[in-house]
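We did not get these values from a lab; they are worked out from the coordinates using the rules stated. In this text the structure is predicted, and so the values were computed from the model without any measurement. Positions of Cβ are generated from backbone atoms using ideal geometry, with glycine treated the same way; all protein chains shown enter the neighbour counts.
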Protein chains: 2
Amino acid sequence: MKIAGLSAFPLTPLVDDRLDEESFAAQIVRLARSGVDSIGALGSTGSCVYLSREERHRAIEIAAEMSEGVPLIAGIGAVSTSHVIQHAADAQLAGADALLLAPVSYQPLTEDDVYGLYADVTSATDLPVVVYDNPRTTGFSFSHELYGRVAQLPNVVSIKIPGVPEDPTTARAHVDAIRAIIPSHVTIGVSGDAFAAAGLQAGCDAWYSVLAGTLPEPALRITRAAHRGDDAAATAECARLQPLWDLFAQHGGSIRVVAAIAEHVGRAQRSCLPKPLLGLDDEAREDVTHVITDLGLVP
Amino acid sequence: MKIAGLSAFPLTPLVDDRLDEESFAAQIVRLARSGVDSIGALGSTGSCVYLSREERHRAIEIAAEMSEGVPLIAGIGAVSTSHVIQHAADAQLAGADALLLAPVSYQPLTEDDVYGLYADVTSATDLPVVVYDNPRTTGFSFSHELYGRVAQLPNVVSIKIPGVPEDPTTARAHVDAIRAIIPSHVTIGVSGDAFAAAGLQAGCDAWYSVLAGTLPEPALRITRAAHRGDDAAATAECARLQPLWDLFAQHGGSIRVVAAIAEHVGRAQRSCLPKPLLGLDDEAREDVTHVITDLGLVP
């Protein structure tokens, strides 16, 4: 399995702090029909670590049932290796095509801990595994050397990196340096939606996108422009969306903003995030509504 | 319930990645008979967030059964408020006397999220609650203002703060500033064993101690000296243990070092930490053995 192109990471909306199966299923159907290349359920935006084992299993069942053949990547992160391995088995049973694993931490992790985690999990599953480097939520940053070590493990098919450096030459060198130490079958995907055009132009194979999980169309415009080599169009569309990226930054990440968008357009009920995560307050929601309306992202 | 004096936080040893009930029970008995003022089971050192709901429940049952009337504080942290509330109910059923709650995070938390967490949990339990500020593991730092807000909540009885400033006058001012904005019935306890003498001298009511959970005697010497007003003796004993505090710092916190100690003295089997946390390597274990032998902490 080769993960490339646009991978869309939807919310896993809750209602009364339980899985909102209907809203989640409807969103998976929308994504499956939107033209995205894969769907990442239970990513960070999908509240992976906030759900019980049963809720995770049910969410992946729904996503597998509704994804209409679009490859389904299932987040399996947890602080305990034993729980991660359970989630991997559950996700496979539920119909996932690939797994996404971040080194979720409570006690700070060493590089050897993280390597051991991936070694244990990749040897316990036969599904493809995406290595997920998300320093903001895990408190752990991969070294390039560690990328190289984990990418050699069986079943590892992709590395989901955080944003790339702003300068195009530096960004290209950054991606090239990772590429040089991983096997050729392992793809590199950029995260941090503001870095999408820069990451794709720097040579990333995939964009693991939060925006695409809720509003796939603008993300598809950027991805398609980059893939047909129209860097100017990709960069222009990404730059046009800067007010949205600014809101992501202002609210400590994208999840609260996309939750407000999903609630605004009726794709989730208020409050769809797992407690203790509070949704945006009314004033911030107004800002979000103005921005997405001005950008023409919603009717 | 007034939490003061020495609170001992034992490991929750595993064997083959499952709860080692026998080793855990034996350690609780040792602590109960050692003279510590309370026992904190399933703290950070007790691998709280790494265990399943069932394992947590069983660990608190064992601790309640073996603690011989010494007050038992149970860690209930989790990233989801709904899971924290389940753990609180489970811990009460299992016989805990008080609860310890850190704002465990995956998505970075806001002050309002954290306040909401404590408001929801304290209103769902009638057990006393210790507010646990552990920026190193949670990625969240309380402001003094937030200490003040959560300390007003019903059932909050203590705040577990990280280390105090090194300078005694600054440390006293720091503790006084917290004291000034919390109700008089709420105690303040210092964490970070290297700060024990400094924290107690600065006016902390309690020492929430990792060392005491595995080796209570040296921790009791410091606490008793501080409580009889012999600041010089408390400071001297704390300073004498500096090589141990240096090992804690060198290995990214205390847990791997106390696990190595517990394994060395036969109070846990190797490897007693939950994966992906690896124990120390053989070279580091030799350092630990030298230090605790030189300090006269083990036979």
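Side notes on the structure shown:
- Residues being under 20 Å from A:CYS48 (Cα atoms) and assigned to a helix (DSSP H, G or I) - total across the range A:130-161: 4
- Among the conditions (1) buried (at least 23 other Cβ atoms within 10 Å of the Cβ); (2) free of Cβ contacts under 8 Å to residues at least 12 places away in the same chain, the only one that A:ASP112 does not satisfy is (1).
- The requirement of being of a type in the set (S, T, N, Q), assigned to a helix (DSSP H, G or I) and more than 19 Å from the chain's Cα centre (by Cα) is fulfilled nowhere in the range A:204-221; no residue meets it.
- Qualifying residue in the range B:182-193 (condition: over 19 Å from B:VAL156 (Cβ atoms) and surrounded by 24 or more Cβ atoms within 10 Å (Cβ to Cβ)): yes
- Residue tally, condition within 12 Å of chain B (Cβ to nearest Cβ) and surrounded by 22 or more Cβ atoms within 10 Å (Cβ to Cβ), over the range A:259-277: 5
- Identity of the residue in the range B:27-83, of a type in the set (Ser, Thr, Tyr) and away from chain A (no Cβ under 12 Å), that ends up surrounded by the most Cβ atoms within 10 Å (Cβ to Cβ): B:SER38
- Once the range B:223-234 is narrowed to residues that are free of Cβ contacts under 8 Å to residues at least 40 places away in the same chain and not in a loop (DSSP other than H, G, I, E, B), the residue that is nearest to B:CYS204 (Cα to Cα) is B:ALA226.
- Only one of B:LEU100, B:LEU127 that is farther than 21 Å from A:GLY77 by Cβ, part of a loop (DSSP other than H, G, I, E, B) and either within 14 Å of chain A (Cβ to nearest Cβ) or in contact with a strand residue (DSSP E or B) (Cβ under 7 Å, 6 or more places away or on another chain) (or both): B:LEU127
- Set A:GLU237, A:GLU263: member being assigned to a helix (DSSP H, G or I), touching a residue at least 12 places away in the same chain (Cβ under 8 Å), over 21 Å from A:ASP20 (Cβ atoms) and among the acidic types (Asp, Glu): A:GLU237
- Tally of residues being in contact (Cβ under 8 Å) with a residue 24 or more places away in the chain and either within 14 Å of another protein chain (Cβ to nearest Cβ) or touching a strand residue (DSSP E or B) at 6+ places or on another chain (Cβ under 8 Å) (or both) across the range B:278-296: 2
- Flag: B:GLU166 matches the condition of being surrounded by fewer than 20 Cβ atoms within 10 Å (Cβ to Cβ), part of a loop (DSSP other than H, G, I, E, B) and touching a residue at least 24 places away in the same chain (Cβ under 8 Å).
- Residue that is nearest to the chain's Cα centre (by Cα) [pool: residues in the range A:14-43 that are without any contact (Cβ under 8 Å) to a residue 60 or more places away in the chain and assigned to a loop (DSSP other than H, G, I, E, B)]: A:LEU42
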